[in-house]
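One structure is given below, encoded as structure tokens.
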Amino acid sequence: MRKALRWLLALTVLIGTLSTAGVATATAAQAGQAGRTSQTADIKDQLLAIPGMSLVEEKPYTGYRYFVLNYTQPIDHRHPSKGTFQQRITVLHKDVSRPTVFYTSGYNVSTNPSRSEPTRIADANQVSLEYRYFTPSRPAPADWSKLDIWQAASDQHRVFKALKPIYTKNWIATGGSKGGMTATYFERFYPRDMDGVVAYVAPNDVVNNEDSAYDRFFTKVGTKECRDRLDAVQREALVRRESLEKKYAAYAAENGFTFTTVGSLDKAYEAVVLDYVWGFWQYSLLSDCDTIPANAQAATDDEIWTSVDTISGFSFYTDQGLDPYTPYYYQAGTQLGAPTIKFPYIEKKYIRYGYQSPRTFVPRSIPMKFQPGAMRDVDSWVRHHADHMLFVYGQNDPWGAERFAVGKGSKDSYVFTAPGLNHGANVAGLTADQKALATARILAWAGVPATTTAQAKPLAPYDAKLDRQDVQREPTLRP
């Protein structure tokens, strides 16, 4: 869900500027060991010559060099003199003669080597960026008013400007879920930086208070048999609230979980239960319906508990579960928006709080005020100005109920849906014709076009470790 201009001059030395003058931009060595970008300068030396860049560690990986780095960023890009923080980035280096993919998850960055789908398709380098205010990339003390989509896009713009003199070939931005949103916002605010954008399963909550699209989605997704099973288990978990909350209290005491932010164990319990159906379709496939109790009323307390815990997770709305995601919930409550859905199959007497707003999940010490124009601006820009953008959604993913659309003003931009897939939808899961077209466009944007669309294939072979596509099981009220 969000993303003007960027400040230059004045304190460029203090914060490590957009300019990387003096950094060697070596010609790629076509042959020789991975990790040598030229015969005169090692890639690590080039990266560390960038003002504000420092090495955390280098991890070897066959065929690549992999670096975990810190980069000095201004807390406020409009006023760079008002302090800096260290933002974590990683670089999966193939060769400076290859294109580069700029990956964002919208959350923390993994410090283990991995490849996004466009990186494999284009056989590219990959730069991955941790989103500001996710630890350890958080200013201390944290001025939360500086956590917004424009500031985050400006972080990304600044990293791109620092690395472009080294990685001179085409760049593509990508990310999944909130990372897909992040890539979209980056393109909205800095449309001249990237040569293409591939945004996976990116929600687009244009009008925060109008969420009927989600309600319609849940009346049609999957099969009626599967929907009925899920609805029955969710309702039964609320009917048995008293006995299951005793189990929850024991579970919390055993693990040291507390409920200060949400306000009570009761509110946390209902939040977990109400996420159940959403969580199933976000993370599971229709074939997984067989794992859901077929007769909820006849199921034991342990069976109901286990099913809800497996899908929603009773640890998610504890203080300990929420703390890592405070930046997300803050953004959801200030710019991105958040879904609110109805439960017509559950009697009102069983629902005390309903789908709770992001304000519930952020400590009260952090002020929040919603900005309704942020998502409208991005949505309008995509519809009228999208250029070289690809949006991929999963047919059975709830987050795709409100999605981006490209309009008459867009150029060479597409919105595709992967049949039967969830929040892990990707290009590989598209229909054959859309998969070929999407792959061809990614290659073209990366500057390594296939001869024909039919011949478009990923340029790098599959690597079981690098190309693992894990859909993280985290709170389902976050994309």
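List of remarks:
- For first residues located in segment 96-123 and at pLDDT below 95 and polar (S, T, N, Q), partners that are open to solvent by 10 Å² or more (accessible area, probe 1.4 Å) and not in a loop (DSSP other than H, G, I, E, B) and lie 6+ apart or on another chain with Cβ distances below 6 Å do not occur.
- Just one of the listed residues (Ser145, Ser154) is polar (S, T, N, Q), open to solvent by 30 Å² or more (accessible area, probe 1.4 Å) and farther than 27 Å from Gln469 by Cα, namely Ser145.
- Candidates are the residues of segment 94-130 that are part of a loop (DSSP other than H, G, I, E, B) and touching a helix residue (DSSP H, G or I) at 6+ places or on another chain (Cβ under 6 Å); the one that is surrounded by the fewest Cβ atoms within 10 Å (Cβ to Cβ) is Ser105.
- Checking each residue in segment 424-460 for being under 28 Å from Phe280 (Cβ atoms), assigned to a loop (DSSP other than H, G, I, E, B) and in contact with a strand residue (DSSP E or B) (Cβ under 6 Å, 6 or more places away or on another chain) picks out Ala425, Leu430.
- Listed conditions (1) over 30 Å from Leu336 (Cα atoms); (2) at pLDDT 95 or above are all met by Leu430, apart from (1).
- Inclusion of Val239 among residues that are at pLDDT 95 or above, more than 25 Å from Ile366 (Cβ to Cβ) and either in contact with a strand residue (DSSP E or B) (Cβ under 6 Å, 6 or more places away or on another chain) or open to solvent by less than 30 Å² (accessible area, probe 1.4 Å) (or both) is not warranted.
- Taking every residue in segment 275-292 that is surrounded by fewer than 20 Cβ atoms within 10 Å (Cβ to Cβ) and pairing it with any residue that is among the aromatic types (Phe, Trp, Tyr), at least 6 positions away or on another chain, the pairs with Cβ-Cβ distances below 8 Å are Asp288/Phe280.
- Options Asp266, Asp301: the member that is in contact with a Lys or Arg (Cβ under 9 Å, 6 or more places away or on another chain) and more than 29 Å from Arg359 (Cβ to Cβ): Asp301
- Restricting Val471, Val415, Val406 to those that are surrounded by fewer than 22 Cβ atoms within 10 Å (Cβ to Cβ), at pLDDT below 95 and closer than 19 Å to Ala183 by Cβ reduces the list to Val471.
- Criterion: in a helix (DSSP H, G or I), under 14 Å from Phe314 (Cβ atoms) and in contact with a helix residue (DSSP H, G or I) (Cβ under 7 Å, 6 or more places away or on another chain) - qualifying residue of Ala271, Ala213, Ala252: Ala252
- Residues (assigned to a loop (DSSP other than H, G, I, E, B) and either open to solvent by 70 Å² or more (accessible area, probe 1.4 Å) or not β-branched (Val, Ile, Thr) (or both)) located in segment 338-354: Ala338, Pro339, Thr340, Lys342, Phe343, Pro344, Tyr345, Glu347, Arg352, Tyr353, Gly354
- Filtering segment 293-320 to residues that are farther than 22 Å from Lys267 by Cα and surrounded by 15 or more Cβ atoms within 10 Å (Cβ to Cβ) leaves Pro293, Ala296, Ala299.
- Matching residues in segment 57-93 - criterion: being open to solvent by 60 Å² or more (accessible area, probe 1.4 Å), of a type outside the set (Ser, Thr, Tyr) and not in a strand (DSSP E or B): Arg78, His79, Lys82
- Residue in segment 385-392 that is at negative phi, open to solvent by 70 Å² or more (accessible area, probe 1.4 Å) and under 21 Å from the mean Cα position of the chain (by Cα) present: no
- Odd one out for Gly222 among (1) on the phi > 0 side of the Ramachandran plot; (2) loosely packed, with under 15 Cβ neighbours inside 10 Å: (2)
The values are calculated or read from the model by the stated rules, or taken from the named source; none is laboratory data. This structure is a prediction, so every number in the text was calculated from the model and none was measured. Cβ atoms come from the backbone with ideal geometry, glycine included; neighbour counts cover every protein chain shown. Calculation scope for accessible area: heavy atoms of the full protein, side chains included, ligands and nucleic acids excluded. Shrake-Rupley method; radii C 1.70, N 1.55, O 1.52, S 1.80 Å.
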